[in-house]
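Each remark here refers to the structure printed beneath this line.
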Amino acid sequence: MSVTTRPAPPAGRPSPDQVVDLWLARFAAAMTTPAAPGLRDLIAPNGWWRDFVGLDWQLASYHTPEAITRFVARAPQFPFLSVRRTDGVGDIHVDTGEASWVECFLTWTTATGEGSAHVRLVRQPDGEYRAWTVLTSLDSLRDRPPATRHRRPRPSRDGALAPWHLRHAARSAFDRPDPQVLVVGAGGSGLAVGAHLEAMGIDTLLVERNDRIGDNWRSRYEALVLHSPVHSDHLPFMPFPSTWPVYPPKAKYADWLEAFGRAMDLGVWTGSEVVHARLDQAAGMWTVRVITPEGERVLRPEQLVVATGFSGHPVTPDVPGLDRFPGTTMHSHHYRSAAGMAGRRAVVVGAGTSAHDIAEDLCHAGADVTMIQRTGTYVMSRENGNSILYEPQFHEDALPLEYTDLRALSFPWPLAMQLAPAQTARIAELDRDLLDGLRAAGFALVMGDPDIGPQGGLFSLGIRPGGAGGYYVDAGASQLIIDGRIRVHSGAGLVGYSETGVLLSDGAEYPADLVVLATGYVSLREGSRFYLGDEIVDQTDSLGGLDHRNERGLQWQPSGFPQLWYTGGGLIEVRPYSKYVALQVAADIDGTNGRKAEAR
């Protein structure tokens with residue numbers, strides 16, 4: 001069965017079903033035979049293969065038929081034992097007007113697990129269809145299938161099990177046994193990884209610094225709502241209700257995280273903090289000191305997952321003159337609301353997402369607001385940006401999430417960056433009035449990261465070394481800037497405080513009663529130095545940018561240090577990537593990935 005999203009192929013061309021049948025027959029023969037004979041001829045000259053723990057125990061992307069064939073033939077989980085079309089989902093024919101292709105979903109098995117594949121086939125000048133993109137994604141390990149659907153836990157017949165509420169409480173008890181995996185942080189990323197690990201039968205404990213799960217969202221400014229649409233941000237196992245707003249408020253999301261932790265039966269220590277962690281490589285175990293409300297506890301897990309997010313430790317610039325400034329200054333992390341600011345003067349230092357949201361909140365409360373913008377910011381409207389970047393994949397009538405995720409992940413980063421300028425230009429054209437108005441108001445704009453992709457838009461800013469940033473998805477503040485209700489001073493930074501306000505690097509001075517420093521956070525990697533120490537963190541890969549695997553550095557794959565993993569990212573990334581982290585951790589515990597043998 002074919003799902004045609006655009007007009008069917010011209011007469012005389014094979015149908016999508018026929019295209020896939022012919023290609024799949026040859027692909028199956030190549031992928032189930034050592035050395036993958038004939039695979040090279042099935043890949044387009046500009047083809048890409050993205051592997052997410054499917055054939056190798058990491059995330060990596062390969063380009064050109066020659067490089068792809070070398071990778072597949074040498075991959076530790078090759079060859080496939082079987083490969084076939086996925087039941088229940090049809091082929092997709094896409095015609096953008098400039099290009100057309102046929103997409104299909106496959107199911108495969110290896111000696112170590114089962115997985116899915118997404119393939120995008122393009123007609124070549126010789127009339128043959130070859131793969132432009134292939135994604136292979138591990139879904140489950142043979143020896144650790146998740147306890148979902150047909151494998152759901154069943155009640156004990158002998159009455160030996162304690163009632164659920166007692167077993168659930170024991171998971172989070174102070175005197176509980178050492179876990180196999182310790183996850184530092186119980187935000188969305190940590191909870192999702194924990195849920196996948198527990199589903200595979202791996203005893204996992206999460207340690208959360210806040211008093212309640214979700215407080216990392218509850219404690220943010222009151223006006224905060226999610227900036228990506230709800231369709232893309234579902235957590236694994238527990239999608240949001242269909243009644244939820246497209247952009248949920250932060251408190252609603254926080255409560256959902258808390259409910260998720262309980263519903264997924266996760267062991268979580270709240271109000272607790274990891275203060276020291278070292279690996280005994282000879283014993284293959286971590287020694288982790290945790291300060292909890294009940295005292296200090298030393299844990300001995302085998303694996304450590306860092307999931308503390310990108311807003312854990314604020315970066316507050318050390319600026320002279322603060323002692324003589326009579327007003328209030330705070331980092332955006334500590335800002336809650338604009339109550340009492342009517343008629344008062346506020347300066348917001350920074351021009352990213354938090355800076356815009358806070359400036360908007362202050363403006364609506366009647367404050368006189370000035371935004372200090374040191375360098376240019378990428379801006380797109382929520383409506384037009386999301387309609388081009390998110391909605392083609394994630395929408396009310398999309399395929400089920402397991403297939404939508406495969407489609408969304410099927411473009412490797414280098415290829416996405418090639419396509420990004422055209423998307424950025426389309427968004428900018430739709431946002432022309434908005435962008436022209438911002439320029440006229442003195443707001444400095446960029447169309448992408450100047451070093452990675454000057455026209456790469458949100459994609460280039462999402463893979464910056466050190467972590468994403470430098471953009472704003474407009475939810476209302478831009479019009480306030482255009483209308484002059486939020487004043488902008490661009491091209492200068494904060495260099496000091498005076499008796500009346502702030503001093504800027506170009507000599508300007510602004511009076512202020514309140515200064516909000518929207519100056520960002522210590523990165524996920526750098527934040528882990530507080531308990532891991534420099535010796536360990538310096539051995540890990542750099543965060544962000546594109547590494548030698550053509551993937552973003554450090555996150556979601558081997559960190560460069562044994563038995564240590566980092567997970568984070570935007571809400572759209574939590575659901576799909578958490579599964580791959582959990583699968584890699586499980587393979588490391590069981591020795592399936594061969595690293596324990598290498599260590600010996």
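The values are calculated or read from the model by the stated rules, or taken from the named source; none is laboratory data. Predicted model only: the values in this text are computed from it and were never measured. Note that each Cβ is placed from the backbone with ideal geometry, even for glycine, and that neighbours are counted across all protein chains shown. Accessible surface is based on the protein model in full, side chains and every heavy atom, while ligands, DNA and RNA are left aside. Shrake-Rupley method; radii C 1.70, N 1.55, O 1.52, S 1.80 Å.
A few notes on this one:
- Cα pair count fraction exceeding 44 Å, expressed as % - the chain: 23
- By accessible area with a 1.4 Å probe, ligands and nucleic acids excluded, highest first: order of Ser505, Ser528: Ser505, Ser528
- Dipole size of the chain about its Cα centre, with +1 on Lys/Arg Cβ and -1 on Asp/Glu Cβ: approximately 1080 debye, rounded to the nearest 20.
- Peptides ranked, highest mean first, by Cβ atoms within 10 Å: ranges 254-266, 291-303: 254-266, 291-303
- With θ taken as phi - 60° and the Karplus curve 6.51 cos²θ - 1.76 cosθ + 1.60 applied, the whole-hertz 3J(HN,Hα) list for the range 349-361 is 8, x, 9, x, 4, 4, 4, 5, 4, 5, 4, 4, 4 Hz, x standing for glycine and proline.
- Each peptide in 350-360, 383-393 gets a packing score, the mean of other Cβ atoms within 10 Å over its residues, and the list from highest to lowest is 350-360, 383-393.
- Database remark: amide H of Tyr129 closer than 5 angstrom to the amide H of Gln124 (H placed geometrically; neighbours at sequence offset of 5 or more, or on other chains; Pro and chain starts carry no H).
- Sequence of Phe310, Phe394 when ordered by accessible area, the most exposed leading, probe 1.4 angstrom: Phe310, Phe394
- Table column - 3J(HN,Hα) (Hz), the range 105-122, Karplus curve with 6.51, -1.76, 1.60, x for Gly and Pro: 10, 10, 10, 9, 10, 10, 5, 10, x, 10, x, 10, 9, 10, 10, 10, 9, 10
- The apolar share of the surface of the range 16-141, taken as the fraction of accessible area on carbon and sulfur atoms (1.4 Å probe, ligands and nucleic acids excluded), comes to 52 percent.
- For Lys252, Lys579, the ranking by accessible surface with the largest value first comes to Lys252, Lys579, using a 1.4 Å probe.
- The chain: relative contact order as a whole-number percent, Cα under 8 Å and 6+ apart: 15
- Fraction of antiparallel bridges per DSSP, the chain only, in percent to nearest 5: 55
- Rolling a 1.4 Å probe over the heavy atoms of the protein chains gives the chain an accessible area of 42 Å² per residue.
- Normalised by the number of residues in the range 540-600, the mean separation of alpha-carbon contacts (under 8 Å, six or more apart) gives a relative contact order of 20 percent.
- Computed from backbone phi, the HN-Hα couplings of the range 79-92 come to x, 5, 8, 7, 7, 8, 4, 7, 5, x, 9, x, 6, 10 Hz, rounded to whole numbers (Karplus: 6.51 cos²θ - 1.76 cosθ + 1.60, θ = phi - 60°; Gly and Pro given as x).
- DSSP bridge pairs, the range 344-493: antiparallel proportion in percent, nearest 5: 0
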